[in-house]
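Shown next, in structure tokens, is the structure this report addresses.
Here, each number is a calculation from the coordinates, and none is a lab measurement. The shown structure was predicted, so the numbers you read here are calculated from the model rather than taken from an experiment. Cβ sites come from the backbone with ideal geometry, for glycine too, and all protein chains shown count toward neighbours.
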2 protein chains.
Amino acid sequence: MYSYRRLFEFTQNVFLNMGCPPEDAKLATEVLLSADLRGIDSHGVARLSGYVRLWEAGRINPKPNIRIVHETPSTATVDGDGGLGLLVAPRAMAIARQKAAQVGTGWVSVKNSNHFGIAGYHAMMALEEDMIGIAMTNASPLVAPTFSTDRMLGTNPIAVAVPTNNQPPFVADLATAAAANGKLEILQRKEKKAPVGWIQTEEGHRSTNANELKEGGALLPLGSDRVHGSHKGYALSAVVDILSAVLSGANYGPWVPPFVSFLPVAENLPGEGIGHFLGAMRIDAFRPADEFKYHMDNWIGAFRKAKVKKGEKAVLIPGDPEREMTTKRLQKGIPLLAPVERDLEALAQRFNINF
Amino acid sequence: MYSYRRLFEFTQNVFLNMGCPPEDAKLATEVLLSADLRGIDSHGVARLSGYVRLWEAGRINPKPNIRIVHETPSTATVDGDGGLGLLVAPRAMAIARQKAAQVGTGWVSVKNSNHFGIAGYHAMMALEEDMIGIAMTNASPLVAPTFSTDRMLGTNPIAVAVPTNNQPPFVADLATAAAANGKLEILQRKEKKAPVGWIQTEEGHRSTNANELKEGGALLPLGSDRVHGSHKGYALSAVVDILSAVLSGANYGPWVPPFVSFLPVAENLPGEGIGHFLGAMRIDAFRPADEFKYHMDNWIGAFRKAKVKKGEKAVLIPGDPEREMTTKRLQKGIPLLAPVERDLEALAQRFNINF
């Protein structure tokens, strides 16, 4: 078990050693470790060495000039200047919130960025101002569209955070694939098999090999197969790609520069970096915030009271498991798998810092 | 086979007999039959008798005063005054487009409406102005959240239409359930079984009975079960419900007044009618439209060229099947199942009009 404080100091130190200004190193650390706190172990400190690898390859600019390149009263296009997505996304979200404060909603499409951690963090930034927050990003091409064997899309997540009154906030944060690559990475570290319906082989056959992606296989869209609606997961993933990248001028589809080390960067890129899409909607742009929050509490209350299927414990509200995990891990610490510990030890040596 | 023209005249006649003004009857018909043209047989003329049933029950106002009750430069809340959703949604979408023309994007949450036909129609309204169109609605509570046996959500669709240059537009239109109730209705009319993963029994066991919903069963969210991501389909459906109804003041969750005749209207409703959420984003609020459309063509071209899985014909782009069906049915006519024909004959008698 590692305390949040300990992982925070270490991670911040790594970002400082990459050349990030102190304020940026702190924010990037907060965003990255929000994944560990929320139990999304695949997206947290386990990926720190991945960011370092991209930085060493010259694909991350530690001192980016993040700026608006196009805007209207309710929109902006932001150039992330090759910065850490962990920094670019919160800055873009701040612009979305400013626009929402002025004209009701704000929408920011981002190009020239990198992996932004968990989408939920960015969406939740809107909550404190009684706004609904929305965050999406495209990602390494690992998902095959329905009927295809080519890896054309990322696991392209969508997060939506909704303010409440007495209930904790509603926070949906979901990959548009049947399972995110991070889940496979955990199975790999544990040397376990994957369920049928998550991945296919290079030829499109069903597979339970958690290492299948390294052998040319692909993740499947949410829905898994055509009969169960994989064309819907594919369409949602495509929408995320279009809003994040075709709208901003980032790379899209099979050209998204990969975060994973086993994929090469494509040639003749049609855009710059990876793309995000961030939105903020002021609740009182639609109805008084207290009315809305009263009804959100009522909505959540009704779902909590829904009849539970035999053998299950409770009907969950999106955000419940992550919030409970955060409380637990802040108290008891964050467990790391042995391969992640070894990764962090190597980073400590690499930068000559303590772990 | 029935010609589009014939079904159009008949349907328009029915709406006129319900007391709709001529212009409204025409628009409602166009919206309703866009489903038949696009091959979404469940949502088209097959539902006409359902609208009549709601009208007879006093749940549809044929002469609604559709109006904005709250607004900011980029948002509006619209009261549909109990009108046909087939009319309310296009009016709300027109408001979203006007707002987008002025400040870059427009977002309209609608209360006090009824079933609005297919979401894709409304999203596609934005295309002609080089805008991305978005449409969602909540619907009859038939879907059980993950781990529950209660029917708490509708099949709550999401549609996104994206303009292109030489390629046909990208049009995603998907229910957030594994399969929409309309698909079960078709299986019922054909007396066929449903695949495992679409529905569960009243106790939460797997079922292939296409009539299961009439016996207390529930539809399953996109993802079908927890391992394959049903919590993601549940979360998406919840987001649609919140944006459509909690934001506007419509009924939400288990209180949505049902379209299907086998469910009663709940008591102590927390809102008015059903809710929709409509959005329009001007492409050139983010980047020049010609640049965007060049890259959308490139995106679509890349996906069309993706390797096809053995045994399948082609990798489809969202909107492909519906567009091909429209061309075919405008030429060759629209097939109707016998129970639908009988329904329409009964309506002809009811209103003393020709079919």
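What the table below lists for this structure:
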item: Inverse of mean 1/r across different Cα pairs in the range B:16-128, Kirkwood, Å; result: 14.4
item: P(r) tail fraction, the protein assembly as shown - alpha-carbon pairs more than 50 Å apart, %; result: 9
item: Over the protein assembly as shown: helical MRE at 222 nm, DSSP H runs n ≥ 4 each giving -39500 (n - 2.57), nearest 500; result: -11500 deg cm²/dmol
item: Peptide A:278-287, shielding by other chains (average Cβ, 10 Å cutoff); result: 6
item: Dipole of chain B [Lys/Arg +1, Asp/Glu -1 at C-beta], most positive-end residue of B:Pro321, B:Gly44, B:Phe116; result: B:Pro321
item: Separation of the A:Arg59 and B:Lys214 label points, Cα + 7 Å toward Cβ, nm; result: 5.6
item: Hits among aspartates and glutamates - C-alpha to C-alpha of A:Lys193 under 16 Å, sequence gap 8 or more where chains match; result: A:Glu185, A:Glu212, A:Glu215
item: Net charge dipole size for the range A:180-219 [Lys, Arg +1 and Asp, Glu -1 on Cβ; Debye, nearest 20]; result: 280
item: Long pairs among A:Lys214/B:Lys310; A:Lys183/B:Lys214; A:Lys310/B:Lys214, criterion Cα-Cα beyond 28 Å; result: A:Lys183/B:Lys214
item: At least 24 Å along the helix axis (C-alpha) and Kyte average at least -1.0, DSSP helices within chain B; result: B:85-103
item: Neighbour-count order for A:His115, A:His276, fewest beta carbons within 10 angstrom listed first; result: A:His115, A:His276
item: Closest approach to the A/B rotation axis among chain A Cβ atoms, residue and whole-Å value; result: A:Ser74, 2
item: Convex hull volume per residue in cubic angstrom - Cα atoms of the range B:180-219; result: 50
item: Overall form of chain B per C-alpha gyration tensor (a/c, 1.5; a/b vs b/c); result: rounded
item: For B:Met296, B:Met131, order by how many other beta-carbon atoms lie within 10 Å, fewest first; result: B:Met296, B:Met131
item: DSSP-defined beta bridges in chain B - what % are antiparallel, rounded to 5; result: 85
item: Cα gyration tensor category, rounded, prolate or oblate, for the range B:253-355 with a/c compared to 1.5; result: oblate
item: Proximal aspartates and glutamates to B:Lys111, defined as alpha-carbon separation beneath 18 angstrom and excluding residues fewer than eight positions away on the same chain; result: A:Asp284, A:Asp290, A:Glu291, B:Glu71, B:Asp79, B:Asp81, B:Asp241, B:Glu267, B:Glu272
item: Average beta-carbon neighbours from other chains, 10 Å sphere, peptide A:288-301; result: 3
item: Student exercise, the protein assembly as shown dipole from Lys, Arg, Asp, Glu Cβ charges, in Debye to nearest 20; result: 1180
item: Residue among B:Ala161, B:Gly83, B:Ala100 farthest towards the positive dipole end of the range B:66-180, charges placed on Cβ; result: B:Gly83
item: Ascending count of other beta-carbon atoms within 10 Å, so fewest first, for A:Leu220, B:Leu7; result: B:Leu7, A:Leu220
item: Shielding by partners - mean other protein chain Cβ count within 10 Å, residues of A:316-327; result: 2
item: Inter-copy label distances at A:Ala348 (7 Å, Cα→Cβ; nm, one decimal); result: 8.3
item: Dipole magnitude of chain A, debye to nearest 20 (Cβ charges: Lys/Arg +1, Asp/Glu -1, about Cα centre); result: 920
item: Percentage relative contact order, the range A:180-219, counting C-alpha pairs under 8 Å, at least six apart; result: 37
